[in-house]
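Everything on this sheet refers to the single structure shown next.
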Amino acid sequence: MNNLFYGNRSIELSHLPRGHGVPVFEGAYRAEPSDFVVMEDLGFEPGGSGPHIWALIRKVGISSEEACSRLGQATKTSRKDLGYAGKKDTHAISTQWISLPDSAQIDVGPIDSALEVLRFSRNQRKLKIGQLAGNHFQLRLYGVVISDLGERLKAISSIGVPNYFGLQRFGRSGFNLEKARRLARRQLVGNQRLHPRDGMAASAARSAGFNAIVAERLNEGRWLNVAVGDAVSLAGRGSHFLASEADLSSIQSRIMAGELDTTAPMAGRISKTSSEQNAFETATLQTDPELFDWMTAIFRDEDRRAVRVLPKKLEAEVTGNTLDLSFWLPRGSFATAVLNEIGTLRELYA
């Protein structure tokens, strides 16, 4: 975990400020893949006809990339002709759609012990990254309840949790973030073009900066507070607008009702918010000048991301020393951010 820093700030989830105070559960999770079940929700069904085969697959203990590689080998199809909507957790049981070209010859059933095709459909287009609504999670935690779990779950359901990026974004032991630093040290002065193979490193750097800004908002007691000129997004959507003085009270009420969200940047040279909010965010981002200079050299425009995510259909059941959780999150959010608001947890998978 030594690489999980932005400037002098640790961005490991357990070290970041929580939105709801001290943990109410203590224990561990992900002892085996069946403890972490992810079910993709596209938000629509494939059309049923067209030149692209869409296969609903279940993978156990392998990454989405590895699943595509095995499907490609089984169907004698080039990897570049396969598509998926989003990467799913590796150390889990995950169900997701994979699109294949019409030439693929494949049947419903097991590919191997870690991969199974559940059913087929067809669609007019190849499946692309981001083409999903969200994911359903069924998680099992092991440990003890140490405070009022019911009240914490109510607070999470009504207010949400900080929309931190989880460990998956940074790679095991922060590998992706460390790669970003190596690239930054080699970079020449001036704007740079990003090689596709370095995309994960750049994403990790921007995500680390985002986590640092959200943490700073929490430390200053203004996680969900909005000011005139702040960039505010429609909940669950990427579009945003700037808060006006006339609408400030209404906007704050809609934020607390879960209709709108305050936002923080994925770094870029050109800001999309007010000069005041940009000054605060830039000051935080510049605490890691190495990554800040590299990110702003690569990305012309910043992107805005909600600082809060609201889990839906959050349910929990305690049986002995196990806590079973189920909830739905929109695309781009991390289940581990929800777990962090519930307890102090160790990941058991080695």
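Pulled fully out, how much extra length does the chain show between residue 185 and residue 321, if you take 0.36 nm times their separation in residues and subtract their Cα-Cα distance?
Extending this stretch completely gives an extra 44.2 nm.
Provide the packing ranking of 59-72, 148-161, i.e. peptides ordered by the mean count of other C-beta atoms within 10 Å per residue, highest first.
Per-residue Cβ counts within 10 Å, averaged per peptide and sorted highest first, yield 59-72, 148-161.
Which cross-chain or sequence-distant (5 or more) residues have an amide H under 5 Å from the amide H of residue 308, H modelled 1.01 Å from N in plane?
Result for residue 308 returns 163.
Straight-line reach from residue 126: which lysines fall under 26 Å, measuring Cα to Cα and dropping same-chain residues less than 8 apart?
Counting by Cα, and skipping residues close in sequence, residue 126 has these lysines nearby: 59, 76, 80, 87, 88.
Under 17 Å Cα to Cα from residue 154, which lysines show up? Leave out anything in the same chain fewer than 8 places away.
312, 313
What shape does region 30-94 have by the C-alpha gyration tensor, where a ≥ b ≥ c are the square roots of the eigenvalues, rounded means a/c under 1.5, and otherwise prolate means a/b greater than b/c and oblate the rest?
oblate
What is the gain in length, in nm to one decimal, between residue 300 and residue 346 on full extension, counting 0.36 nm per residue of separation less the C-alpha to C-alpha distance?
This chain segment gains 12.7 nm when fully extended.
Convert each backbone phi in region 230-245 into a coupling constant with the Karplus relation 6.51 cos²θ - 1.76 cosθ + 1.60 (shift: θ = phi - 60°), then list the ³J(HN,Hα) values in order as whole Hz, x for Gly and Pro.
The phi angles translate into 5, 7, 10, 10, 6, 4, x, 10, x, 6, 9, 8, 9, 5, 9, 4 Hz.
Using the Karplus curve 6.51 cos²θ - 1.76 cosθ + 1.60 with θ = phi - 60°, work out ³J(HN,Hα) for each residue of region 145-154 in order, rounded to whole Hz, and write x for Gly and Pro.
6, 10, 7, 7, 5, x, 5, 5, 5, 4
Can you give me the relative contact order of region 44-131 as a percent, contacts being Cα pairs under 8 Å and 6 or more apart?
Values: 192 pairs, mean separation 41.5, N = 88.
In percent, rounded to a whole number, it is 47.
Give the label of the value calculated from the structure for Cα Rg over 2.2 N^0.38 Å, choosing from (1) 1.21; (2) 0.97; (3) 1.02.
Comparing each candidate, only (3) matches the computed number.
Output the direction-averaged projected area (hull surface divided by four) of the convex hull of the alpha-carbon atoms of region 44-131, in nm².
The number I arrive at for region 44-131 is 4.9 nm².
State the extension gain, in nm to one decimal, for the chain segment bounded by residue 227 and residue 32, taking 0.36 nm per residue of separation less the distance between their alpha-carbons.
In short, 65.7 nm is gained.
Using only the alpha carbons of region 248-325, what is the convex hull's orientation-averaged projected area in square nanometres?
8.4
Where in region 16-52 is the amide nitrogen less than 14 Å from a point lying 7 Å along the Cα-to-Cβ axis of residue 124?
It comes to 46-52, nothing else.
If I take every Cα pair under 8 Å that is 6 or more residues apart in region 206-306, average their sequence separation and divide by the length, what percent do I get for the relative contact order?
Dividing the mean separation by the residue count of region 206-306 yields 33 percent.
Just order 333-343, 15-25 by mean Cβ neighbour count inside 10 Å, highest at the front, would you?
333-343, 15-25
In terms of Cα to Cα distance under 18 Å, which lysines are near enough to residue 179, apart from those fewer than 8 places away along the same chain?
Once the sequence-local lysines are set aside, nothing remains near residue 179.
I'd like the Karplus ³J(HN,Hα) series for region 268-278: coefficients 6.51, -1.76, 1.60, θ = phi - 60°, whole numbers in Hz, and an x wherever there's a Gly or Pro.
Working through the residues one at a time gives x, 5, 9, 7, 10, 9, 6, 5, 5, 5, 4 Hz.
What FRET efficiency do you get for residue 146 and residue 39 if R0 is 35 Å and r is their Cβ-Cβ distance, rounded to the nearest 0.05? Each step should come with its number before you reach the end.
Numbers: r = 30 Å, r/R0 = 0.85.
Approximately 0.70, to the nearest 0.05.
If you look at just the Cα atoms of region 102-146, how large are its Rg and its Dmax in Å?
17.3, 56
If you count the DSSP beta bridges with both ends in the chain, what percent of them are antiparallel, to the nearest 5?
The antiparallel proportion sits near 85 percent.
Would you mind calculating the relative contact order of the chain from Cα pairs under 8 angstrom and at least 6 residues apart, reporting the percent as a whole number?
Numbers: 736 pairs, mean separation 89.3, N = 350.
Across the chain, relative contact order equals 26 percent.
The numbers here are math on the coordinates, done by the rules we state, and not lab data. Just so we're clear, the structure is a prediction, and the values are computed from it rather than from any experiment. FYI the Cβ positions are ideal-geometry reconstructions off the backbone, even for glycines, and counts take in every protein chain you see.
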